[in-house]
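Peer 1: Here you go, one structure.
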Amino acid sequence: RFPGFVLPCLGVHPVQEVSPEEQRSVTLKDLDAAWPLIELYKDKLVGIGEVGLDFTPRFASTDEQKEGQRQVLIKQIELARRLDLPLNVHSRSAGRPTINLLKEQGATKVLLHAFDGKLSVAMEGVKAGYFFSIPPSIIRSEQKQKLVKLLPLENICLETDSPALGPEKQVRNEPKNIYIAAEYIAKIKGIPVEEVIEVTTQNALKVFPKLRNFLRI
């Protein structure tokens with residue numbers, strides 16, 4: 001419906017929905033099912049994602065489940081390398097294992113979305129050249145505020161994660177709220193919001209170079 005404006009990533013998320021009421025940890029069978037779709041649309045993709053690890057106990061309480069998630073992520077890191085595409089990465093309750101695995105596997109073009117791990121672990125990601133996207137929920141998240149204070153602006157991107165992670169809890173988030181994230185980052189950094197918008201846009205183009213084919217910047 002919005003060619004050249006809404007641009008796709010495809011990937012297999014670490015948490016799979018069985019029904020609206022039931023979710024489970026991903027398996028390699030899920031990846032096998034998605035593989036043909038990714039191959040079919042590979043030339044239209046700007047990234048592989050949302051992929052990653054989610055060690056929230058209700059999804060991954062056993063070593064077997066966690067290892068299954070790792071194997072699925074490893075194969076998608078290899079896929080992203082083969083297709084020369086960046087990774088959009090989920091790491092809920094698994095900040096250190098995710099960044100360690102990305103580094104071990106030699107992933108270079110990485111966007112960590114809504115990172116909820118320790119600040120020291122985030123800085124390991126910065127050293128590896130990874131980027132971190134910040135949602136509008138920063139206005140109500142002390143962890144995200146501390147993260148932004150520590151991260152160099154050169155490693156920050158903007159996101160909304162709509163319909164989740166909005167400025168108000170349990171209120172549907174919308175793409176327009178991306179400006180709220182930019183404003184709050186500017187406030188924390190003590191810089192003009194225009195600078196945040198400019199630098200984060202350039203960062204997004206570094207992570208997703210294929211965007212240059214669609215955007216007039």
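The values are calculated or read from the model by the stated rules, or taken from the named source; none is laboratory data. Bear in mind the structure is a predicted one, so any value in this text is a computation, not a measurement. Here the Cβ is made from the backbone with ideal geometry for all residues, glycine too, and neighbour counts use every protein chain on show. Accessible surface is based on the protein model in full, side chains and every heavy atom, while ligands, DNA and RNA are left aside. Shrake-Rupley method; radii C 1.70, N 1.55, O 1.52, S 1.80 Å.
Peer 1: Consider region 24-57. How many of its residues are of a type in the set (D, E, K, R) and either touching an Asp or Glu at 6+ places or on another chain (Cβ under 9 Å) or part of a strand (DSSP E or B) (or both)?
Peer 2: Of the residues in that region, 2 qualify.
Peer 1: I would also like to ask the following. Need pairs with beta-carbon distance below 9 Å; first residue free of Cβ contacts under 8 Å to residues at least 60 places away in the same chain and open to solvent by 50 Å² or more (accessible area, probe 1.4 Å) and within region 1-30, second aliphatic (A, V, I, L, M) and assigned to a helix (DSSP H, G or I); sequence gap 6+ or separate chains.
Peer 2: THR27/VAL72; LEU28/VAL72
Peer 1: Sticking with this structure for a sec: Hey, can you tell me all the residues within region 160-194 that are in a helix (DSSP H, G or I), farther than 14 Å from PRO136 by Cβ and open to solvent by less than 80 Å² (accessible area, probe 1.4 Å)?
Peer 2: Selection gives LYS189 alone.
Peer 1: Would it be correct to say that PHE208 is touching a helix residue (DSSP H, G or I) at 6+ places or on another chain (Cβ under 6 Å), among the aromatic types (Phe, Trp, Tyr) and surrounded by 16 or more Cβ atoms within 10 Å (Cβ to Cβ)?
Peer 2: no
Peer 1: Also, I was wondering about something else. Within region 33-50, which residues are touching a Phe, Trp or Tyr at 6+ places or on another chain (Cβ under 9 Å) and β-branched (Val, Ile, Thr)?
Peer 2: Answer for region 33-50, where residues must be touching a Phe, Trp or Tyr at 6+ places or on another chain (Cβ under 9 Å) and β-branched (Val, Ile, Thr): just VAL46.
Peer 1: Another question about this same structure. Go through region 31-45 residue by residue and tally those that are farther than 23 Å from ARG92 by Cα and touching a residue at least 24 places away in the same chain (Cβ under 8 Å).
Peer 2: Looking only at that region, the number is 6.
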